[in-house]
Amino acid sequence: LLGELSLTEPYFAGTPLSQTTRLYALQRRFDGYTKNQSGLEASFKWEPEASITSRIYASIDYVTLDSSDLSSDELGPNDYINTKLGFEQTLDLTNSPVLPTKGLHARGLLEYGALAGDASNSYFRADINSSYRYQINEKTKQRFVFSFDAGAIFPSDSSDLPIDLRLFSGGADSIRSFDERELGPQSFSGDPLGGEAYWNASVEYIHPFNDLLSGVLFYDTGDIFADAGEFSFSDPNHTLGLGLRIDLPVGPARFEYGFNLNQKEGEPSGAFHFSIGAQF
């Protein structure tokens, strides 16, 4: 459930900056818990060129978490206020915002937050998401897609970090041999607990059969870490998979299955995913 009211001034104070003020409330159900969030955000966006977007934002959120499956230690603080300040930089050199076939897309995020209420904590978060599409044949549009994502959150007190601020991996846009958010530490009830750092990398070969339908062969690798200090590339998960994609006006409809190549105890042998939209 999501409700939002926003107002945008495209030329704030006569400058090339656009300013947006948002008032919002949402409820989301995740495996293991439900999140209720309401807040106010003010942001400024600058686009010096069509391919470059810079955004700075400040917001204040009131968050409550509820769970009948997770213990209080697993859930973390469940009633708190989060005041955030962040900067986001995007570079988009792809040839289409909906159905890109070539070019580079990269996004970086830096965020600082301070918690009050049940939690008395602060954190610094950094994320990078990147992908590059290399077109082998201009006529047939056969192509490779390379991607790399990584992120970490550094709280002042790891034992007092709410579960909704932790980072998750697994799913259609990361490691596709796992269901959504299912990679990494789990609770006694089998629900994902997330972590403080992650990385994912993938390579895809896309072969169009016609203007509508394409086949895809992909390889994913990556890991997630309960503590950001444990971050390493030494023992990742490996996934090999196949899929079909249907190009729609709103983006590709993706049907994919990933096989877990180094299945550990308690992990699935693979997972099927359906999603709509380009993977950035």
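Counting only Cβ charges, +1 for Lys and Arg and -1 for Asp and Glu, the dipole size of the stretch 1-93 around its Cα centre is about 260 debye. When each of the peptides 12-19, 1-8 is scored by how many other beta carbons lie within 10 Å of its residues on average, the order from highest to lowest is 12-19, 1-8. The residues of the chain present an accessible area of 51 Å² per residue when probed at 1.4 Å with all protein chains retained. Just want the answer: with Cβ charges of +1 for Lys and Arg and -1 for Asp and Glu, which residue in Asn262, Asn200, Phe272 is farthest toward the dipole's positive end in the stretch 200-280? Going by the Cα projections, it comes out as Phe272.
Only the Cβ atoms of Lys and Arg (+1) and of Asp and Glu (-1) were treated as charged; on that basis the dipole of the chain about its Cα centre amounts to roughly 1200 debye.
Between the stretch 19-66 and the stretch 91-125, the C-alpha centres lie 11 angstrom from each other.
What whole-number value in cubic angstrom gives the convex hull volume per residue for the C-alpha atoms of the stretch 70-124? Don't skip to the end; give the middle numbers.
Values: hull volume 7.6 nm³, N = 55.
With only Cα atoms used, the stretch 70-124 gives 138 Å³ per residue.
Set against the 2.2 N^0.38 Å expectation for a compact globular protein, the stretch 169-280 has a Cα radius of gyration ratio of 1.12. Peptides 176-184, 265-273, 153-161 ranked from most to least packed give 176-184, 153-161, 265-273, packing being the mean of other C-beta atoms within 10 angstrom over each peptide's residues.
Extending 7 Å from Cα along the Cβ direction at His207 and again at Phe233 yields two label points whose distance is 2.9 nm.
The values are calculated or read from the model by the stated rules, or taken from the named source; none is laboratory data. Keep in mind the model is a prediction, meaning the values are calculated, not measured. So basically every Cβ, Gly included, is an ideal-geometry build from the backbone, and we count neighbours across all protein chains shown. Side chains are part of the model used for accessible areas, which takes the heavy atoms of the whole protein and leaves out ligands, DNA and RNA. Shrake-Rupley method; radii C 1.70, N 1.55, O 1.52, S 1.80 Å.
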